[in-house]
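Student: Dropping a structure here in structure tokens format, bear with me for questions.
The values are calculated or read from the model by the stated rules, or taken from the named source; none is laboratory data. Everything numeric here is computed off the predicted structure, so don't read it as measured data. Note: ideal-geometry Cβ built from the backbone for every residue, glycine included; neighbour counts use all protein chains shown.
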Amino acid sequence: MTALQPIRMTDAQLVAMIDRIALESSRTEKERYLADLAATSQGREMIQLCYNPFWTWGITQKEMPPTGQGPSEGDTLAEIKTLLMKLAARELTGNAAAEVVASAFASFTPAAGRLLWLCLNKDLKAGVNTASILAVDPSIVPIFAVMRANSYEEKHVKAFPVAVEPKLDGHRVTFIAKDGGGGFFTRTGKAIDSLEHMIEPTLKALRHWAGMTRITNGQPNPVHDLLSVLRYFGGVPEIVLDGEMMSDQGFAETSGALRRKSEDADVRFHIFDMLSWDEFDAMGDVAVPYAHRRQRVLDLIGCTKHLGDRLTVTEMRVARSHDEIQLIYQDYRARGFEGAMVKLLDGPYQKKKSRSWLKLKNEDTEDLQVIGVFQGQAGGKYEHTIGGLIVDRNGVEVRVSGLDDATRAEIWKLWCEDVQLVAANPNVGYKGETFGIVGETFDRRMKLLGHVVEVEYHEVTPDGSLRHPRFIRFRDDKTGEVEK
């Protein structure tokens, strides 16, 4: 970390530095100007307020409200931060929060209002994401990274037995309890406001669990070992729960429930892993084996099941051979699950894609970033609309088809909005056009480019492409994943 520049800027100067980043299309130039912003005390604070995933405000403003008038010569960031910290601590909520925020906008100059608006939206609106910040200075904001699975291959299983769990068709969700409060986050660290009604019941379960008396008889006990080193705030242990939020009605219903704020949303948190906050926050792997982490989850659910059924634990079976893995997988498929997850019982928690977790699905799929589009063939039905997407697979451009007409119309609309940001012509022909392969080069305002889609395929070709790739669905819950 470089020494911070002590000079205080006006709100207008700070806005100008942010706008300078937004003007650049080159990743290298964006990072250069981002580094300049991070080298100032106010710039660093702005980055933290916009990208620290553990600071959530409980309120957003899609459009910037009207502000007061007058010269933009003030320095209002300290006042903005004070307001935001009250929102983060939930000292202000609901109508009271909305009124205070509206009053702040009305009293601020346009420049100060712009800074507050960016912070409320957790986005500098300059084509910056966590990966960009990590490249400039990893110490600015906490890095949010969860463990992900590789595809199952027999050679990756070196020893038996292994755990086999159903692969749930839901949304990956992480619950973090810290400083006496808590929140649900997507796999990329974005707060899920629609699950706020589940926060207090989850905290209540953790308080109850941590307060239970356990008799160990002097024997090693993974739960006792964890509880003895945890930090507590108001009786709440600082814990991270990793799992899948899922509705009995499937992926589409789960997605809908996470978009709307409703205490009646029929979703349950299927927990499959538990870490202390310190384990989750540290760089590198968590050495505690999966078998012990699983015991933590079983103990939590066993102690708190009388409090309700919103928290549950994923089913698990033990396989002692590859044949048993296949039998369990077939049983899960017959019961309607998406597939199976094979987990090494002695495997660590790795904050990246790991071979300690292996996934089996009916068809091989990968989650790949959209870097371009192509239209239908000349003279064909889709000549004047989207023919398919171009995605990046480890530097190889893969053309993905398989769109139904409704999805095709939706993607064409998104594409026509994106081309205005890249100054391109939407009519790119059958050959198509791409716009880079590095995620952080894409403007965060884009609706299609830079986003992640799930692609189904038959096999990987010798050149690293995919045979018969077909579009399955958008996976915006995976857009922007990082590792640590």
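Student: Could you say which residue among Lys125, Lys86 is under 19 Å from Asp19 (Cβ atoms) and either touching a Gly at 6+ places or on another chain (Cβ under 6 Å) or not hydrophobic (A, V, I, L, M, F, W, C) (or both)? Before the answer, list the steps.
Tutor: Values: Lys86 fails: under 19 Å from Asp19 (Cβ atoms).
On inspection, the qualifying residue turns out to be Lys125.
Student: Might you check whether a residue that is touching a residue at least 24 places away in the same chain (Cβ under 8 Å), assigned to a strand (DSSP E or B), in contact with a helix residue (DSSP H, G or I) (Cβ under 8 Å, 6 or more places away or on another chain) and β-branched (Val, Ile, Thr) occurs anywhere in segment 261-276?
Tutor: Within segment 261-276, one or more residues are touching a residue at least 24 places away in the same chain (Cβ under 8 Å), assigned to a strand (DSSP E or B), in contact with a helix residue (DSSP H, G or I) (Cβ under 8 Å, 6 or more places away or on another chain) and β-branched (Val, Ile, Thr).
Condition check ((1) modelled with pLDDT under 95; (2) in contact with a strand residue (DSSP E or B) (Cβ under 9 Å, 6 or more places away or on another chain)) across all residues:
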position: Met17; (1), (2): no, yes
position: Glu29; (1), (2): yes, no
position: Trp57; (1), (2): yes, yes
position: Gln61; (1), (2): yes, no
position: Met64; (1), (2): yes, no
position: Gly68; (1), (2): yes, no
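Here is a yes/no grid of residues against (1) at pLDDT 95 or above; (2) within 26 Å of Leu360 (Cα to Cα); (3) touching a helix residue (DSSP H, G or I) at 6+ places or on another chain (Cβ under 8 Å); (4) of a type in the set (D, E, K, R):
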position	(1), (2), (3), (4)
Ala145	no, yes, no, no
His156	no, yes, no, no
Phe160	yes, yes, no, no
Glu165	yes, yes, no, yes
Leu168	no, yes, no, no
His171	no, yes, yes, no
Ala177	no, no, yes, no
Gly183	no, no, yes, no
Gly189	no, yes, yes, no
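Student: Condition (residue is modelled with pLDDT of 90 or more, assigned to a helix (DSSP H, G or I) and of a type outside the set (D, E, K, R)) applied to segment 220-228: is it met by at least one residue? Talk me through it step by step, then tell me what you get.
Tutor: So the first thing to find is which residues in segment 220-228 are modelled with pLDDT of 90 or more, and the list is 226.
Checking which are assigned to a helix (DSSP H, G or I) leaves us with 226.
Subset that is of a type outside the set (D, E, K, R): 226.
Yes, segment 220-228 has at least one match.
Student: Please determine, by comparing only the residues of segment 437-456 that are assigned to a strand (DSSP E or B) and surrounded by fewer than 20 Cβ atoms within 10 Å (Cβ to Cβ), which one is modelled with the lowest pLDDT. Lay out the reasoning, then the answer.
Tutor: Of segment 437-456, the ones assigned to a strand (DSSP E or B) are 452-456.
Then drop every residue that is not surrounded by fewer than 20 Cβ atoms within 10 Å (Cβ to Cβ), which leaves 454, 456.
Details: Glu454: 93, Glu456: 86.
So the residue we want is Glu456.
Student: Pairs please, first residue from segment 387-401 and under 14 Å from Lys431 (Cα atoms), second anywhere and among the charged types (D, E, K, R) and surrounded by fewer than 17 Cβ atoms within 10 Å (Cβ to Cβ), Cβ atoms under 6 Å, 6+ apart in sequence or on different chains.
Tutor: As it stands, the answer is Ile390/Glu397, since those pairs meet every condition given.
Student: Does segment 164-174 contain any residue that is under 26 Å from Ser356 (Cα atoms) and over 22 Å from the mean Cα position of the chain (by Cα)?
Tutor: Step one: list which residues in segment 164-174 are under 26 Å from Ser356 (Cα atoms), which gives 164-174.
Imposing the further condition that a residue be over 22 Å from the mean Cα position of the chain (by Cα) reduces the set to 164-165.
Yes, that holds for at least one residue.
Student: Inside segment 54-128, counting only helices (runs of 4 or more DSSP H) that do not spill past its ends, which hold 3 or more residues that are under 23 Å from the mean Cα position of the chain (by Cα)? Walk me through how you get there before you give the answer.
Tutor: Details: elements: 77-88, 94-107, 110-120.
Filter on segment 54-128 gives 77-88, 110-120.
Student: Moving on to the next point. From Thr304, Thr312, which residue is closer than 30 Å to Ala282 by Cβ and surrounded by fewer than 18 Cβ atoms within 10 Å (Cβ to Cβ)?
Tutor: That would be Thr312, the only listed residue that is closer than 30 Å to Ala282 by Cβ and surrounded by fewer than 18 Cβ atoms within 10 Å (Cβ to Cβ).
Student: Applying the selection to segment 356-385, what residues are among the small types (Gly, Ala, Ser) and closer than 21 Å to Val453 by Cβ?
Tutor: Keep residues of segment 356-385 that are among the small types (Gly, Ala, Ser), which gives 356, 372, 376, 378-380.
Passing the criteria: Gly372, Gly376.
Student: Right, next: Quick check on segment 149-168. Is at least one of its residues touching a residue at least 40 places away in the same chain (Cβ under 8 Å), assigned to a loop (DSSP other than H, G, I, E, B) and touching a Gly at 6+ places or on another chain (Cβ under 7 Å)?
Tutor: Within segment 149-168 (the criterion being touching a residue at least 40 places away in the same chain (Cβ under 8 Å), assigned to a loop (DSSP other than H, G, I, E, B) and touching a Gly at 6+ places or on another chain (Cβ under 7 Å)), the answer is no, since none of the residues qualifies.
Student: Go through (1) in the same structural domain as Gln42 (by TED's automatic domain parsing); (2) in contact (Cβ under 8 Å) with a residue 24 or more places away in the chain for Lys86 and report which single condition fails.
Tutor: Only one criterion is unmet by Lys86, namely (2).
Student: Please verify whether Asp323 is within 30 Å of Gly429 (Cβ to Cβ) and surrounded by fewer than 19 Cβ atoms within 10 Å (Cβ to Cβ), treating the condition exactly as stated. Before the answer, list the steps.
Tutor: Values: within 30 Å of Gly429 (Cβ to Cβ): no; surrounded by fewer than 19 Cβ atoms within 10 Å (Cβ to Cβ): yes.
No.
Student: Here's a follow-up. Among the residues of segment 34-67, which ones are closer than 17 Å to Leu14 by Cα and of a type in the set (Gly, Ala, Ser)?
Tutor: Result: Ala35, Ala38, Ala39, Ser41, Gly43.
Results for (1) surrounded by fewer than 21 Cβ atoms within 10 Å (Cβ to Cβ); (2) in contact (Cβ under 8 Å) with a residue 12 or more places away in the chain, shown as yes or no for each residue.
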{"position": "Gly58", "(1), (2)": "yes, yes"}
{"position": "Pro66", "(1), (2)": "yes, yes"}
{"position": "Leu77", "(1), (2)": "no, yes"}
{"position": "Glu99", "(1), (2)": "yes, no"}
{"position": "Ala112", "(1), (2)": "no, yes"}
{"position": "Asn129", "(1), (2)": "yes, yes"}
{"position": "Ile133", "(1), (2)": "no, yes"}
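Student: What are the residues in segment 183-202 that are crowded, with 21+ Cβ neighbours inside 10 Å and not in a loop (DSSP other than H, G, I, E, B), if any?
Tutor: Hits for segment 183-202 are Gly183, Phe184, Phe185, Thr186, Leu195, Met198, Thr202.
Student: Consider Ile301 against the criteria (1) within 21 Å of the chain's Cα centre (by Cα); (2) assigned to a helix (DSSP H, G or I): it satisfies all of them except one. Which criterion is unmet?
Tutor: (1)
Student: For segment 21-31, give me the residue count where each residue is within 16 Å of Ile133 (Cα to Cα), surrounded by fewer than 17 Cβ atoms within 10 Å (Cβ to Cβ) and of a type outside the set (Gly, Ala, Ser).
Tutor: Selection size over segment 21-31: 2.
Student: Output the residue which, of all residues in segment 457-472 that are part of a strand (DSSP E or B) and closer than 11 Å to Thr365 by Cα, is nearest to the chain's Cα centre (by Cα). Spell out the reasoning first.
Tutor: As a first pass, look at segment 457-472 and keep what is part of a strand (DSSP E or B): 457, 459-460, 466-467, 470-472.
Filter again for closer than 11 Å to Thr365 by Cα, leaving 457, 459-460, 466, 470-472.
Values: Tyr457: 25, Glu459: 28, Val460: 27, Leu466: 26, Arg470: 24, Phe471: 21, Ile472: 20 Å.
Applying the filter and picking the extreme gives Ile472.
Student: Please list, ordered by residue number, the strands (runs of 3 or more DSSP E) wholly in segment 312-426 having 1 or more residues that are within 14 Å of Phe471 (Cα to Cα) and not hydroxyl-bearing (Ser, Thr, Tyr).
Tutor: On the way: elements: 317-319, 339-343, 353-361, 364-375, 386-393, 396-400.
By residue number, 364-375, 386-393, 396-400.
Student: Check whether at least one residue in segment 352-364 is at pLDDT below 95, polar (S, T, N, Q) and either surrounded by 14 or more Cβ atoms within 10 Å (Cβ to Cβ) or farther than 30 Å from Met446 by Cβ (or both), and report yes or no.
Tutor: Yes: one or more hits.
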